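S.K.: Here you go, one structure.
The values are calculated or read from the model by the stated rules, or taken from the named source; none is laboratory data. What you are looking at is a predicted structure, and each value in this text was computed from that prediction instead of being measured. Every residue, glycine among them, receives a Cβ derived from its backbone with ideal geometry; neighbour counts consider all protein chains shown.
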Amino acid sequence: MAGTPTATEPPPATEPPVSKARNQYVVLGAVLIAMMLASLDNLILGTAMPTIVGDLGGMAHLSWVVTAYTLATAVSTPVWGKLGDMYGRKGVFLTSIVIFLIGSMLAGVSQDMTQLIAFRAVQGLGGGGLMVGAFALIASLFPPNEQGKYQGMISGVMGLTMIGGPLIGGFITDNLSWRWCFYVNLPLGALALVMVTTVLHLPKQPLSDQRREARIDYLGVALLGTAIASLVLAATWGGNEYAWDSATIIGLGVLAVVSGAAFLFAERRAAEPVLPLGLFRNRNFTLVTLVGFLLGVMMFGAMTFLPLFQQAVQGASATNAGILMMPVFLSMVLINAFAGPFITRTGRYKPIIIVGSVLVTVGVLLLAQMDTGTSRPMSMVFMAFLGAGMGCLMQTTMIVTMQSVELKDIGVASSTATLSRTIGGSIGVAVAGALFTGRVQDVMAGHGYAGSSENAQLDSAALAKLPDAMRDVYEQAVAAGTHQVFLMATALGVLAFAATWFIKQVPLKGPAERAAELRPADREPAPELV
């Protein structure tokens with residue numbers, strides 16, 4: 001009969017089976033837990049670091065507790081994305097959770113600083129796959145034209161971790177033990193494992209010849225890892241461990257450039273490149289990756305120096321400074337309550353991205369105007385502009401990233417977006433720190449006080465012990481330093497705004513378009529919720 005497929009014909013492409021709403025939300029909840037673990041870890045640990053050093057010793061190696069995790073995360077991020085595309089996203093995602101939990105458990109039982117640093121690296125290797133796997137699974141579960149309505153949930157989780165992380169870390173350290181800063185990951189991670197394992201099932205099918213023959217691009221992984229490691233170390237150590245013009249930092253910069261160039265050369269010849277360069281032929285993919293990088297620079301710089309301004313200039317305590325950051329996160333969540341449904345209803349994401357770039361730029365420009373006379377309520381209004389812009393950009397750019405690639409490349413796309421923000425954050429904090437410290441030193445020296453990097457680390461308690469005259473000068477110096485940081489962010493915001501104008505408005509893919517990309521011969525099937 002006409003229109004009826006014969007026994008030898010393949011079944012027509014059908015919509016991915018995501019109609020079981022309850023189980024769909026269970027998987028989404030598990031993915032959000034994994035995202036929370038990835039973003040919460042360093043925030044919790046920050047408040048516990050003095051206690052850890054007092055217990056384990058090794059003050060000279062303190063920075064490596066953070067650097068080891070950051071470095072392992074950055075280097076492993078693109079690898080996790082590619083492995084998910086090659087061998088299945090569910091299994092790779094679960095593996096990253098297991099490695100993260102093993103690293104957390106081992107870090108919690110560390111007996112000296114060397115062990116803690118090593119186990120933090122293990123934890124970071126798993127952490128590199130958490131955010132990548134989370135975004136890839138969301139892209140697999142929900143087509144781009146449906147992802148907007150979940151933006152609020154994702155932003156809510158990110159905002160909750162940024163606000164709650166330092167508070168949770170302080171509570172754990174004061175009432176339990178610093179080791180519970182790591183142990184707290186275990187029940188949350190186990191819950192995510194159970195939820196994903198029992199609810200999300202991928203249909204079994206034989207691998208095609210293409211996937212059987214696929215090999216990990218070891219040369220590409222090594223070269224990309226070297227370039228990323230050199231860049232992150234240069235950004236982390238520059239101006240802190242070593243002077244920017246030291247042989248170490250210059251050598252790291254040269255190594256990053258050489259290994260990066262070699263990576264690009266190797267990827268053009270790799271059979272299964274860890275980062276397919278062809279993705280950058282898509283204009284939207286390239287532009288949102290650039291915007292993500294710039295957003296990472298601005299966001300991490302703001303999150304680092306706003307609390308310092310609040311403590312040193314406005315007299316807030318460390319805990320209150322965290323609470324005073326709430327306008328950023330609340331506005332971020334609230335704007336997503338509008339932006340997500342707007343994208344879902346209209347399919348138009350470009351206006352949201354343009355508005356977001358304007359709000360971010362206006363926000364950092366307003367923050368650049370803060371001085372010793374700026375009141376807390378006024379600075380909170382400025383922060384709300386920044387948060388609203390971040391809310392428009394953070395998840396919407398990820399939707400455009402996922403929209404710009406086929407389903408088989410979702411893992412690589414999510415890892416590229418995550419990596420661009422991570423690298424942007426590392427560079428942003430380093431450059432902003434250099435500008436801030438230099439300006440503080442200049443102002444202090446100009447008033448007859450010897451400026452030093454230690455002066456830039458004074459909190460409200462230490463500031464209260466200074467002589468009145470020196471305290472007034474120091475407050476002026478910090479205000480001048482933050483002015484420099486946010487002027488730099490304003491310039492980057494203008495660049496991001498210019499880039500958003502060249503993003504093309506393309507109709508968002510729906511379930512039918514995503515299903516059409518699923519060729520059973522060589523691509524991973526759609527997820528099934530049971």
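S.K.: With respect to Thr344, determine if the residue is touching a residue at least 40 places away in the same chain (Cβ under 8 Å), assigned to a helix (DSSP H, G or I) and farther than 25 Å from Leu290 by Cβ.
M.R.: yes
S.K.: Then there's this: Give me the pairs, please: first residue somewhere in region 81-94 and farther than 14 Å from Asp409 by Cα and in contact (Cβ under 8 Å) with a residue 24 or more places away in the chain, second residue anywhere and assigned to a helix (DSSP H, G or I) and not polar (S, T, N, Q), beta-carbon distance under 6 Å, and either six or more positions apart or on two chains.
M.R.: Filtered contacts from region 81-94: Val92/Leu83; Val92/Gly84; Phe93/Gly133.
S.K.: Shifting gears a bit: Please verify whether Phe309 is surrounded by 19 or more Cβ atoms within 10 Å (Cβ to Cβ), of a type outside the set (D, E, K, R) and either out of contact with any Leu (no Cβ under 7 Å at 6 or more places or on another chain) or at positive phi (or both), treating the condition exactly as stated.
M.R.: In short, yes.
S.K.: Taking only pairs six or more apart or across chains, which ones have beta-carbon atoms under 9 Å, a first residue in region 158-177 that is closer than 18 Å to Met390 by Cβ and in the same structural domain as Met332 (by TED's automatic domain parsing), and a second residue that is at pLDDT 70 or above and outside any helix (DSSP H, G or I)?
M.R.: Going by the 9 Å Cβ cut-off, the qualifying pairs are Met162/Met325; Ile163/Met325.
S.K.: Among the residues of region 366-384 satisfying the criterion of being touching a residue at least 40 places away in the same chain (Cβ under 8 Å) and in contact with a Pro (Cβ under 9 Å, 6 or more places away or on another chain), which is surrounded by the fewest Cβ atoms within 10 Å (Cβ to Cβ)?
M.R.: Val381
S.K.: Next up: Could you tell me how many of the residues in region 285-317 are more than 19 Å from the chain's Cα centre (by Cα) and without any contact (Cβ under 8 Å) to a residue 60 or more places away in the chain?
M.R.: Total meeting the criteria: 1.
S.K.: With respect to Thr374, determine if the residue is within 21 Å of Leu160 (Cα to Cα) and among the polar types (S, T, N, Q).
M.R.: When the stated conditions are applied, Thr374 does not pass them.
S.K.: Need the failing condition index for Ser375 against (1) in contact with a helix residue (DSSP H, G or I) (Cβ under 9 Å, 6 or more places away or on another chain); (2) on the phi < 0 side of the Ramachandran plot, just the number.
M.R.: (1)
S.K.: Evaluate region 314-332: report whether one residue or more is closer than 16 Å to Thr490 by Cα and outside any helix (DSSP H, G or I). Walk me through it before giving the result.
M.R.: Let us first name the residues in region 314-332 that are closer than 16 Å to Thr490 by Cα, namely none.
Scanning region 314-332 turns up no residue that is closer than 16 Å to Thr490 by Cα and outside any helix (DSSP H, G or I).
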